[in-house]
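Scroll down for the structure; my scribbles are underneath it.
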Amino acid sequence: MKFTLNWLKEYVDTGDLSPEVLSEHLTMLGLEVDSVTPLFPELQPFKTAKVISVEQHPNADKLKLCEVAVGDESFSIVCGAPNVREGLVTAIALVGSTMPDGMKIKASKVRGVTSHGMLCSERELGLSESHEGIMELVPDTVHGIPLLEALGMDDLLVEVDLTPNRPDCASVIGIAREVAGITRSRLKLPVDSASLEHSNQNFSVDVENSEDSPRYAVRLIRNIQIAPSPWWLRKRLLSIGLRPINNVVDITNLVMMEYGQPLHAFDYDKIAGKKILVRHPLQNENTFTTLDGKERNIDPSMLMICDADGPIAIAGVMGGMNSEVSDDTSSILLESACFDAVSVRKTARKLKLSTEASYRFERGVDPGGCVTAMERAVTLLCEIAGGKAAEGGVDYYSGIRPLNSLKLRISRASALLGIELDYDKIADVLQSIGIRCKPKDDDTIWVNPPTFRVDIEREVDLIEEVARLIGYNKIPNSLPTVNLSYPEQDPKRKLRAQVSTLLCNIGFSEAINYSFVTDKHLDMMQLNQDDSRRAVVRLLNPLSEEQSVLRTMLLPGLLENLKRNINFQKNSVKLFEIGKVFTPQGDNEQPIEKERLCCILYGLRAGEASLLYNSEKKVDIFDAKGTGELLLETLRLTGCGAEDSVYFRTPDENETETYADRSQCLLIDSDQGVLGQVSRINPEVAKLFGIKRDIFYIDLDVELLCRLTAAIKKFRPLPVFPAVKRDIALLVPASVKAGDLLDTVRKSKEKFIEQCEIFDVYQGRPLEECMKSIAISVTYRSPTKTLTEKNVNKSHTKIINTLTSKFKGSLREG
């Protein structure tokens, strides 16, 4: 929004506020001032000059030799303008001046006579397109003064960046109203309010839909004389970058910038049938030629202003060539309307046509100000263009909504702003910008927002206005009271971070997949028909068939990730994902969301590491189990001190997943239920995903993992006394599990046992087929003394006897 400081002062007293201070106040009010610059700085070198004498050029018929006075000096100027004459006061560019187009004025000979400058036309000065002669100033203008001073253009141009919710400030009066709120001065309006009496006219108006045009007013003005606008009007438009055209068009533009209400003047004699129809285009109305001479495609969604023959304007955007005001126009039909903001915005975007009118209609025009702005324009048309306004007119306003009365609680405003407020203070600031107030009770105020404030809809909007007008910088700063206690962390989030860090540290990469998947995954995983995971939540409007349901498993997504990695020649892949799976509950209920952890291992055990230092061994079930064991140990869910027992076991026949290899499958069980599974993926399932090699996976229930109680951290000093290691090699039946031997040793009551581990399992010749050898290393240590051979032998013998008797084994010899 652009305006000049002197123009603003016509409507409000700015007091002793300097331009800098005024700009700062406007910015603090939410109207950010982008710039304050002198008006037409390129015209500052030009001065006024008075023609003293005019003689015929001795060597040219069409040139004159003029003697001009510029203050106390006089200059000889060669001029070819037809209107140059003795006594004329005009504009002069002296030697050394630079014209707006960049040309530098020099003393030069014209047909043998030296010219010491140039007398300028309005076009040469960039003030208009007029070039019939040099510029003519008022005869009593003093010569030798700056041209800008003589033209009354010694002014400052202010440019304000408006937010979309403040269409009321897209006008000089709107800005003046805000300034009145600062200075508490009275707003001076050319027309304060007006009404339009409906009377029988020689034309008719019909609005198809009141929602498209809540208000539509027109008035007929006859005896119009089209001519250039007076200088004061042209000066107003030029100062803000608008091009003067003629008195009628200039008046509509002036009122639009003044009141923020776009107006349009139709040539009354060009309106077919003398009727105005506000409607959408008919099926056969596909193109329309706008005032800029371009033919534009229109569609049924666009609102048009039509006469009996068809469209004559695009509502809220631009008029048409077929109803344009021309030099022959003698009667105009003046339109002042309020159109639906969304409709105008869509139309302007489709046509790629942005105008000053559409800018205002898109943000919302005050329906209560249509007739007031029209009255202002009619007054100017009668004064400047010699028009005669017909009595009354047409004012269609059935779409106007009733005024919205709001309640403002003083206590609520005080609490939100952190300052003490009362009725007088609130009423003072709100009424200073035209918002009417009256008390309801001691704590409540009835507030009637004016129609031009389309952004005020709730109590909190009024509180914002109070804060804005009091001044945000005047509200004291106060720090909030903060509880310094350490906030309780979400155990699930903490667990996720811990697990992610651990898995990344041992060579896994985290995958994050969409929760939207294809239901084909359920068949590819060979789930039973009665499997609960086949019940899925389907999306009503999926992006594609590949994202049509919410996932019930994480594993299929990781297999798709693995396939993509293999396609990119990645032969060793370790991936994990922690994410939600969804179980439907009913048509009108939200699905249950549970978090799970899934890992997959594929390819070489050493991963991407150099084969120079690592073997080419592939991952197997023990790598997957080891990952699970490390994870559980890190979370302190296994070993001594764990309150909830977590252990690996072979699954029963009905506990194995359909997509798992039964021969290489382990369940991770706990006292609170099955925690998850470690297994090799069934090769048939892997082939359905396009993978031919072995894949191993770990699938854990994160919800149950969070419920398990971890062992309490205990710290002990480093051992002082030496340890003693002894090995046990037992021959046991092949059905005996090596882990059972370890559990027996660990659960024994021998106080000197510090650690035990399996270091060898052998089955084959020369052992019998039904037997296998298991070798266990046991570490003994005392925290209080050095163990003797007798101490160690006593404990070691008890362990051997316990193992041989419990598992029907014997010590292996040799």
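The values are calculated or read from the model by the stated rules, or taken from the named source; none is laboratory data. Computed from a predicted model, the values in this text were never measured in an experiment. Please note: Cβ atoms are built from the backbone with ideal geometry, for glycine as well, and neighbour counts cover all protein chains shown. Ligands, DNA and RNA are stripped out before the accessible areas are found, and what is left, the full protein with its side chains, is counted by its heavy atoms. Shrake-Rupley method; radii C 1.70, N 1.55, O 1.52, S 1.80 Å.
Brief remarks on what is shown
- Count of segment 12-43 residues which are part of a loop (DSSP other than H, G, I, E, B) and either farther than 21 Å from residue 360 by Cα or among the acidic types (Asp, Glu) (or both): 9
- Residues that are in contact with a Leu (Cβ under 9 Å, 6 or more places away or on another chain) and either open to solvent by less than 80 Å² (accessible area, probe 1.4 Å) or of a type in the set (A, V, I, L, M) (or both), drawn from segment 499-518: 499, 502, 503, 506, 508, 509, 511, 513, 515, 517
Each row is one residue, and each column tells you yes or no for (1) under 24 Å from residue 168 (Cβ atoms); (2) open to solvent by 20 Å² or more (accessible area, probe 1.4 Å).
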{"position": "379", "(1), (2)": "yes, yes"}
{"position": "382", "(1), (2)": "no, yes"}
{"position": "392", "(1), (2)": "no, no"}
{"position": "398", "(1), (2)": "yes, yes"}
{"position": "419", "(1), (2)": "no, yes"}
{"position": "424", "(1), (2)": "no, yes"}
{"position": "433", "(1), (2)": "yes, no"}
{"position": "454", "(1), (2)": "yes, yes"}
{"position": "459", "(1), (2)": "yes, yes"}
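- Criterion violated by residue 605 - all others in (1) touching a strand residue (DSSP E or B) at 6+ places or on another chain (Cβ under 6 Å); (2) under 23 Å from residue 668 (Cα atoms); (3) surrounded by fewer than 20 Cβ atoms within 10 Å (Cβ to Cβ) satisfied: (1)
- Taken over segment 319-350, the criterion of being hydrophobic (A, V, I, L, M, F, W, C) and either assigned to a loop (DSSP other than H, G, I, E, B) or open to solvent by less than 40 Å² (accessible area, probe 1.4 Å) (or both) is satisfied by 325, 332, 333, 334, 337, 338, 339, 341, 344, 348.
- Of the residues making up segment 610-637, those that are open to solvent by 60 Å² or more (accessible area, probe 1.4 Å), over 26 Å from residue 673 (Cα atoms) and touching a residue at least 40 places away in the same chain (Cβ under 8 Å) number 1.
- Hits in segment 73-115 (condition: of a type outside the set (Lys, Arg), farther than 20 Å from residue 127 by Cβ, open to solvent by 40 Å² or more (accessible area, probe 1.4 Å) and assigned to a loop (DSSP other than H, G, I, E, B)): 86, 95, 96, 107, 112
- Total residues in segment 132-173 satisfying the condition of being open to solvent by less than 20 Å² (accessible area, probe 1.4 Å) and touching a Cys at 6+ places or on another chain (Cβ under 8 Å): the figure is 3.
- Residue 797 being modelled with pLDDT of 90 or more, in a helix (DSSP H, G or I) and exposed (fewer than 12 other Cβ atoms within 10 Å of the Cβ): yes
- Of all residues making up segment 4-50, the number that are touching a residue at least 60 places away in the same chain (Cβ under 8 Å) and either among the charged types (D, E, K, R) or open to solvent by less than 50 Å² (accessible area, probe 1.4 Å) (or both): 30
- Test: residue in segment 771-785 that is in contact (Cβ under 8 Å) with a residue 12 or more places away in the chain, within 60 Å of the chain's Cα centre (by Cα) and either within 25 Å of residue 722 (Cα to Cα) or open to solvent by 70 Å² or more (accessible area, probe 1.4 Å) (or both): no
- Residues (touching a helix residue (DSSP H, G or I) at 6+ places or on another chain (Cβ under 7 Å) and either aliphatic (A, V, I, L, M) or outside any helix (DSSP H, G or I) (or both)) located in segment 486-505: 495, 499, 502
- When 293, 368, 386 are checked against the criterion of being at pLDDT below 95, assigned to a helix (DSSP H, G or I) and open to solvent by 10 Å² or more (accessible area, probe 1.4 Å), 368 stands alone in meeting it.
- Segment 561-602, residues that are charged (D, E, K, R), open to solvent by less than 50 Å² (accessible area, probe 1.4 Å) and farther than 19 Å from residue 624 by Cβ: 595
- Top-ranked residue in segment 195-237 [being out of contact with any strand residue (DSSP E or B) (no Cβ under 7 Å at 6 or more places or on another chain) and open to solvent by less than 20 Å² (accessible area, probe 1.4 Å); ranked as farthest from residue 39 (Cα to Cα)]: 229
- Sub-7 Å Cβ pairs linking a first residue in segment 221-235 that is closer than 22 Å to residue 268 by Cβ to a second residue that is open to solvent by 60 Å² or more (accessible area, probe 1.4 Å), at least 6 apart or interchain, are 221/388; 222/388; 223/388; 226/327, ordered by first then second residue.
- Taking the listed residues 265, 315, 308, the one that is surrounded by fewer than 19 Cβ atoms within 10 Å (Cβ to Cβ) and on the phi < 0 side of the Ramachandran plot is 308, with no other qualifying.
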